[in-house]
Amino acid sequence: MATLSRRDFFSRFIPKASEPEVTSKETAGPKVAIIQGRFCLAYQNSFCSVCKERCPESGAIVSERGIPRIIADKCTGCNICHNVCPAPTNAILMTSPPENHSGATPTDTQPAHPFF
Amino acid sequence: MMNMNRRHFLKSTALAAAVAAAQQRANGNYENTELDAALASDGVKWDKAPCRFCGTGCHVRVGVKDNKVVAIQGEQLAEVNKGLLCVKGYHVGGILYGKDRLKEPMLRKNGKLEKITWDEAIEVIAKRVYDKPSEFAIYGSGQWTIPEGYAAQKFIKGGLSNNHIDPNARLCMASAVTGYLSTHGVDEPAGCYDDLDACDVMIMWGNNPAEMHPVLFSRVIDRRTKGEEVKLIDIGTRRTRTTEYSDEYLEFRPQSDLAIANGIAHLLIKNGTYDKEFVSKFCNFRKDTESPSLFGQASTFEEYSQLLEEYTPEHVEAISGVPADKIRMLGDLFGRRDIRITSLWCMGVNQHTRGTNMNRLLHGIHMLSGHFGKPGDAPTSLTGQPSACGTAREVGTLAHALPGGRIVAKDDHRADCEKLWNLPKGRINAKPGYHTMKMWEQFCTATDQGGDINTVWVQVTNPGHTLPHLKKHFQNKKNLKDKFLIVSEVYPTATTKLADLVLPAAMWVEKNGVFGNSERRTQQWFKMVDAPGNARDDCWMTIAVAHKLYEMGLEGMKDKNGNFIFNIVDESGSTVPVWEWKHYYDVNTDEQLYNEYREFTFMKHKDVAPYDELVKARGLRWPVVKKEDGKWHETPFRFMEFSDSYVEKGKGLQFYHSVTKDDKALIWFCPYEAATEEPDSEFPVWLCTGRVLEHWHTGSMTRRIPQLRNAMPHAYLEMNPEDAKEQGLSNGDIAIIETRRGKIELPVWLDGRGHPPRGSIFVPFFDENLLINELTLGDIDPISKEPDYKKCAAVVYKKGAPSPLSKSKG
Ligand code: SF4
Ligand code: SF4
Ligand code: SF4
């Protein structure tokens with residue numbers, strides 16, 4: 001029986017039924033992902049959790065009250081979250097690993113602000 | 001600083017959501033003054049439109065350049081969404097530009113769809129109608145614009161006199177309609193979205209607004225972010241994203257929501273905490289007749305209390321699995337006068353073989369406890385389609401209805417319509433047409449076996465994907481050579497696969513339109529870009545066919561003076577031949593049809609706003625009434641004196657279309673009854689179907705948007721990890737799901753977005769390649785005729801493993 005790797009499963013979501021992805025993939029490098037809060041739907045209370053659902057590294061993306069955060073230590077830089085982020089401006093930036101273990105830049109960790 | 005973020009976000013959205021596409025405002029007679037300032041130096045022209053997708057009814061700003069939609073922003077002037085959109089909304093512009101847009105009419109010849117001209121297509125349809133007018137049906141939708149639905153309605157009921165018109169809304173909110181009708185005597189919510197801003201407690205009944213009405217849900221979550229206290233209670237059959245935000249999650253056994261509602265009513269009476277004054281001033285009691293009926297029979301408070309006697313918290317726990325003390329918690333909340341409670345529901349309550357009853361019970365507990373009639377105290381059903389309220393319910397494009405809350409069974413209602421339409425007396429048939437399920441069953445039954453629907457014209461919907469038990473209700477058509485399926489569509493779908501004639505349609509801002517959202521808000525927009533190829537407006541198609549029939553001499557297409565039933569005129573009052581496409585946009589046909597329709601809305605006090613007012617507004621909630629100040633005022637809260645000008649002075653609250661004609665609403669007793677198909681030894685699990693955030697309904701639009709498709713590429717099976725383990729299934733494995741109606745292979749997704757309890761599975765229905773509706777049940781609510789998609793019995797096993805069914809079947 002063909003078992004697919006965790007990575008296959010999440011990058012293509014679910015095998016067999018998958019259709020080819022429409023966007024082109026960027027090559028993965030020695031990078032980590034960060035979430036740019038100002039572009040992230042979840043940060044606007046517009047509810048999104050795609051990156052967290054599809055990240056193949058357990059614990060690399062955590063979410064509190066619906067707001068995702070990347071744990072840089074656990075991120076392998078596989079690029080999947082960037083490829084699947086549906087925000088109008090892709091909210092996931094692949095960047096060189098930071099010195100300290102923060103998955104987000106300071107401005108990005110602001111809580112979602114009231115909108116109505 | 002926060003605002004900078006917001007603005008930045010919106011600005012970049014506008015740039016990033018840029019999709020290919022040209023600016024040609026169809027009718028430049030109006031100026032959206034408020035948007036003039038938004039005209040950017042880059043030559044992008046902005047205009048407003050409601051989002052094409054869900055019933056929330058957000059407004060977007062559409063940026064147009066060179067006859068293409070190039071940018072989308074959330075509309076900050078819109079009260080519904082104040083600039084915010086959900087992920088679908090931000091990408092709404094992309095729906096116009098899928099590579100496989102249908103651009104030419106196509107007729108099936110020797111099994112293949114071949115390009116024909118519009119003249120030929122219109123002739124083919126006219127001939128089908130002419131030969132068998134009584135067997136011709138239109139199947140439409142809550143995505144019809146109001147003028148489109150109105151034209152189709154007039155064509156069928158006023159023209160063909162057969163009443164065979166029904167919308168897909170039958171599959172969606174028919175039970176909400178019967179719930180409101182049998183409670184208030186008139187359809188549609190009394191409250192509105194403002195209730196979400198004012199409630200202290202929000203109870204979601206089988207509802208997942210975080211995914212299905214995200215912008216609405218964010219209104220409540222934002223209140224929390226501001227530090228306000230709102231208690232969220234999720235009463236559901238599986239954990240969803242909404243559960244993550246909820247203070248309480250009460251998990252019930254499917255179908256037992258009826259028992260929970262009764263348990264609350266039981267406690268209100270037992271504890272004496274019901275609102276005695278409210279009940280004596282504003283309520284009468286009802287119970288069902290022997291066979292279920294819309295208005296049932298009179299009952300009394302005493303009888304009501306007695307019927308509720310058995311619904312003790314312990315009894316309710318035994319039925320539902322919800323702990324008795326949680327039922328008490330709900331009872332206590334409803335018993336309190338110092339808090340405001342809003343109930344929200346959508347498909348979980350409506351797609352239910354006792355959907356009408358469940359709607360009634362929810363209204364009932366709000367009435368009994370007096371949690372009604374003040375902002376924040378409201379039982380509110382949500383709709384899934386942008387104009388389920390506007391076009392299906394208000395225009396009355398249902399098989400038994402006429403515009404503005406009238407029904408075909410009533411002599412005076414028919415007479416009224418005949419007068420407004422200037423038709424000869426007796427033109428409208430008193431016999432209701434076939435409701436959706438019956439229409440498709442008749443269409444898929446051989447003519448010599450009584451299948452007396454010969455031709456169906458599908459407009460703006462995808463029944464080959466959404467009807468339950470697809471084989472019976474749709475796919476069986478394949479072998480019936482004399483049946484003819486006409487489909488107006490924008491993309492190839494499961495429905496066009498069986499179509500004999502495909503008509504390419506203009507969509508959204510490629511045409512003028514008016515929608516009506518879940519909170520009685522009527523919203524208007526103008527055509528902003530041309531449709532591709534030879535795609536044309538649905539409304540034009542209907543008028544063109546009607547005129548062809550008029551030319552052929554079909555009596556029904558004439559009014560009582562012998563004139564064509566659709567008379568669109570220019571400023572001087574002379575007829576414009578809008579049935580010829582080149583003249584369709586010579587005048588604003590939409591506006592004239594809307595104005596004609598508007599006359600129908602006054603009888604039931606559903607007065608929609610004048611067209612010109614809609615042009616200026618971001619939607620207005622009816623009744624829209626002109627007051628002494630000479631201005632038009634909308635009505636956020638219906639039946640309530642402080643808001644609704646149709647309430648007599650001093651009454652406070654008045655159900656002015658009361659069933660009992662005494663300005664009172666009805667509180668119903670409805671028992672818990674078992675589901676029509678429950679799990680058993682052969683099919684041991686509950687199968688529930690539903691939607692996901694990224695895709696709108698059948699995905700025919702959203703699956704053509706790369707970002708949305710990547711984010712949610714295909715359907716999956718959600719199940720409890722323990723159950724999966726028992727079947728040897730892990731993430732990504734292919735499982736087989738089987739019901740009595742069919743089977744399907746689906747990849748398993750464990751601990752994904754939703755978390756079903758043991759003995760229960762969930763499959764989203766958006767995926768055209770994995771049609772879960774081949775498995776769903778198709779049993780209907782006896783009153784609303786709405787089918788249940790939320791529960792049937794299934795068996796799940798790993799692909800390759802022996803079928804558990806083969807053992808029992810040998
Ligand atoms: S790049 Fe990092 S965070 Fe993103 S999916 Fe891969 S492992 Fe997860
Ligand atoms: S996928 Fe993108 S928009 Fe969605 S939560 Fe992750 S970063 Fe935010
Ligand atoms: S899909 Fe619904 S919630 Fe999302 S933007 Fe459109 S109307 Fe608003």
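Quick look at the values:
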read-out	value
Counted charge near residue B:406, where neighbours are those whose Cβ lies closer than 9 Å (Asp, Glu -1; Lys, Arg +1)	+1
Three-way shape call for the range B:676-810 based on the alpha-carbon gyration tensor, with the a/c threshold at 1.5	oblate
Interface size B-A, as summed buried accessible area [1.4 Å probe, Å², nearest 100]	4400 Å²
Accessible surface of chain B, 1.4 Å probe, proportion on carbon and sulfur as whole %	49 percent
Ellipticity estimate at 222 nm from DSSP helix runs (n ≥ 4, -39,500 (n - 2.57)) divided over chain B, nearest 500	-7500 deg cm²/dmol
Of all DSSP beta bridges in the range B:439-567, antiparallel share, percent nearest 5	35 percent
Net charge of neighbours whose Cβ lies under 13 Å from the Cβ of residue B:129, counting Lys and Arg as +1 and Asp and Glu as -1	-1
Estimated inter-spin distance, residue B:271 and residue B:806, nm [label 7 Å along Cα→Cβ]	5.6 nm
Cut-off 15 Å (backbone N to label point 7 Å along Cα→Cβ of residue B:410), residues of the range B:654-672	B:656-663
Charge context of residue B:326, other residues only, Cβ under 11 angstrom, K/R +1, D/E -1	-4
Loop trypsin sites (Lys or Arg not before Pro), the range B:343-442, which have at most 15 other Cβ atoms in a 10 Å radius of their Cβ (DSSP)	B:410, B:425
Diffusion coefficient, µm² s⁻¹, Stokes-Einstein with Kirkwood Rh over alpha-carbon pairs of the protein assembly as shown at 20 °C and 1.002 mPa s	76 µm²/s
Anisotropy class of the range B:709-753 from Cα gyration tensor, a/c 1.5 cut	oblate
Shape category assigned to the range B:737-810 from the gyration tensor of Cα positions, a/c cut at 1.5	oblate
Distance between modelled label sites at residue B:583 and residue B:310, nm, 7 Å Cα→Cβ extension	6.7 nm
Aspartates and glutamates whose Cα lies under 15 Å from that of residue B:560, excluding same-chain neighbours fewer than 8 positions away	B:416, B:418
Evaluated at q = 0.06, 0.07, 0.11 Å⁻¹: base-10 log I(q)/I(0), Debye formula over Cα of chain B	-0.36, -0.49, -1.32
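The values are calculated or read from the model by the stated rules, or taken from the named source; none is laboratory data. A quick note: this is a predicted structure, and the numbers were derived from the prediction, not measured. No Cβ is skipped: glycine too gets one built from the backbone with ideal geometry, and neighbour counts run over all protein chains shown. Quick note on the areas: whole protein, heavy atoms, side chains included, nothing else; ligands and nucleic acids left out. Shrake-Rupley method; radii C 1.70, N 1.55, O 1.52, S 1.80 Å.
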